[in-house]
Amino acid sequence: MGSIAPQMAELDGSHFNITRSTTLRDVPLPGSPEELSHSYCTDHMVTVRWTVGNGWETPEVKPYQNLSIAPTASVLHYATECFEGMKVYRGYDGKLRLFRPDLNGQRLNNSSQRSSLPGFKYDELKKLVAKLMQIDGPRWLPKDRPGSFLYIRPTVIGNGPHLGVQVPKEALLFIIAVPWPDFTKTRKTGGLRLFASTPDTIRAWPGGFGYAKLGANYGPSLLAHGKAQALGFDQILWLFGDDRQVTEAGASNFFLIWRNKETQKLELVTAPLENQLILPGVTRRSVLELVNERLSKKAVGNLEPLEVVERTFTIGEIEQAAQEGRIVESFVSGTAYFITPVAMIRNNETDISTLPENGEPAGYAAQIKSWMEAIIYGKEAHDWGYVVENEEN
Ligand SMILES: *Cc1c(COP(=O)(O)O)cnc(C)c1O
């Protein structure tokens, strides 16, 4: 017996309506002003419309273009918006790869529902990204430039024209691809300088939405970020609560390697996911899994084993560890900035060095980074790499 309820179409990344661009854009050179502008996109974009009555429509690939949106649109007034940050990498074997794209699909699905927007079958997202890259990959990530990447920004917005305060009846999922400077090659060495947030500025709170990748987490936090940058710092280190718990840094997760005072063992410590204060980073998870698998039981070269510890810890504990000479290394992780060492934290008036006493990081971040790069660029066969097949040449 058929149901009489209207059939809501699921998101389906296996069929597309394709309109090709007839005016291909120049591909910017690495380090060029276009690339540094963070606003110059590839030739095409993906869009998928959703309506409350019909569900997800057939995905479209079309020339990169501005969106047309009513001034009354939900996203412009009520911040019904969420996004993902992914990359597509040109491997040393000539193949294009995404890194664990189903984790981004799951997270975007969660974020979308948290921002009152529709959910979708998470494993379809990677097919939409792959389609865009089959078309734009060959020209924008040429095979003779292995080790390069594009930044991919899937986004969902409430684009319906209803100004009334209500759950959106229309939504748009779109995906754009942006040439992005390789900060691991251009950034000055020495490590990031972090500015600890003050109690009047809180990024996320219990029962809030800090665990979802919503634009609403960002806009209000850019004020503190801008002030910190004006003082010569790179990122805010977001603290929470009266005890000043360390959560994460800017758009990255934060890690510290220190020697446990009681056991004398080395620990890799990072904030936990359970209280939903931090974003569950794909890079964070990968760092923890790699360290658990490859570094928790045995030494690697002259790196002694590390125990992975996900727990709440405070800025006071970091300060004490620094005073007692127990800090070995610190770094942040995220897709945009990958794995980047941290040199110091300013908390109120106190500067805390997160480097060991000889000033040289022990080399854990560098080791983890090189393991990840081997997977991302296809030097090591690994099921975290998702190959984009059938590129159009
Ligand atoms: C995106 C993001 C991260 C990093 O997540 P990845 O999946 O590793 O890129 C960390 N913190 C915040 C607040 C973020 O928005």
So for segment 277-385, using the alpha carbon gyration tensor with a ≥ b ≥ c as root eigenvalues (a/c under 1.5 gives rounded; past that, a/b versus b/c decides prolate or oblate), I'd call it prolate
Longest principal axis of the chain (C-alpha) makes with the long axis of helix 125-140 (C-alpha) an angle, in degrees to the nearest 10, of 90 degrees
Trypsin sites (Lys or Arg not before Pro) in segment 233-267 lying in a DSSP loop, each with at most 14 other Cβ atoms within 10 Å of its Cβ, come to 261, 265
To the nearest 10 degrees, the tilt of helix 282-294 (Cα long axis) against the first principal axis of the alpha carbons of the chain is 50 degrees
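Looking at segment 35-162 from every direction and averaging, what is the projected area of its Cα convex hull in nm²?
Its Cα hull, projected and averaged over all orientations, spans 8.5 nm².
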Too long for a 21 Å Cα-Cα cut-off, among 213/379; 62/131; 95/121; 121/169; 126/213, are 213/379; 95/121
Per the charge dipole of the chain (beta-carbon charges, Lys/Arg positive, Asp/Glu negative, Cα centre), the residue among 356, 128, 286 reaching farthest to the positive end is 128
The local net charge around residue 363, scoring Lys/Arg +1 and Asp/Glu -1 for residues other than residue 363 whose Cβ lies under 12 Å from its Cβ, equals -2
With x for Gly and Pro, the residue-by-residue ³J(HN,Hα) of segment 222-235, computed from phi through the Karplus equation 6.51 cos²θ - 1.76 cosθ + 1.60 at θ = phi - 60° and given in whole Hz, is 6, 4, 4, 4, x, 5, 5, 5, 5, 8, x, 9, 8, 8
With +1 on the Cβ of every Lys and Arg and -1 on the Cβ of every Asp and Glu, the dipole magnitude of the chain about its Cα centre, in debye rounded to the nearest 20, is 480 debye
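Counting DSSP beta bridges in segment 186-362, what percent are antiparallel, to the nearest 5?
Among the beta bridges of segment 186-362, antiparallel pairing accounts for roughly 70 percent.
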Ordering 167-180, 354-367 by per-residue average of other C-beta atoms within 10 angstrom, highest first, gives 167-180, 354-367
For segment 186-362, the Cα gyration tensor yields equivalent-ellipsoid semi-axes (√(5λ), largest first, whole Å) of 25, 18, 16
The ³J(HN,Hα) series, computed from each phi in segment 93-105 with the Karplus coefficients 6.51, -1.76 and 1.60 at θ = phi - 60°, rounded to the nearest Hz and given as x for glycine or proline, is 8, x, 8, 8, 9, 9, 10, 6, x, 5, 5, 5, x
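Can you give the net charge of the other residues whose Cβ lies under 10 Å from the Cβ of residue 157, counting K and R as +1 and D and E as -1?
Within the 10 Å Cβ shell, the charges total -2.
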Sorted by chain and then number, the residues having a modelled amide H within less than 5 Å of the amide H of residue 9, at least 5 places away or on another chain, are 55, 56
Taking N as the number of residues in the chain, the ratio of its alpha carbon radius of gyration to 2.2 N^0.38 Å works out to 1.03
Nearest-0.05 FRET efficiency for residue 144 and residue 262 at R0 = 41 Å, using Cβ-Cβ distance, is 0.15
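At most 14 other Cβ atoms within 10 Å and a DSSP loop assignment: could you name the GluC sites (Glu not before Pro) in segment 7-90 that fit?
When the GluC sites (Glu not before Pro) of segment 7-90 are filtered for loop state and at most 14 Cβ neighbours within 10 Å, 10 remain.
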For segment 322-327, Karplus-derived ³J(HN,Hα) couplings (6.51, -1.76, 1.60; θ = phi - 60°; whole Hz; x for glycine and proline) come out as 5, 5, 8, x, 9, 7
Listed by chain and number, the residues whose amide H is under 5 Å from that of residue 346, excluding neighbours fewer than 5 places away on the same chain and using placed H, are 194, 195, 196, 352
The answer for residue 95, listing residues at least 5 apart or on another chain whose modeled amide H is closer than 5 Å to its amide H, is none
Filtering GluC sites (Glu not before Pro) in segment 232-303 by DSSP loop and by at most 11 other Cβ atoms within 10 Å leaves 262, 274
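Every read-out reported here was derived from the displayed coordinates using simple, explicitly stated rules and does not represent laboratory data. Since the structure is predicted, the reported quantities are computational estimates derived from the model, not experimental observations. Counting neighbours? That spans all protein chains shown, and the Cβs are built from the backbone with ideal geometry, glycine included.
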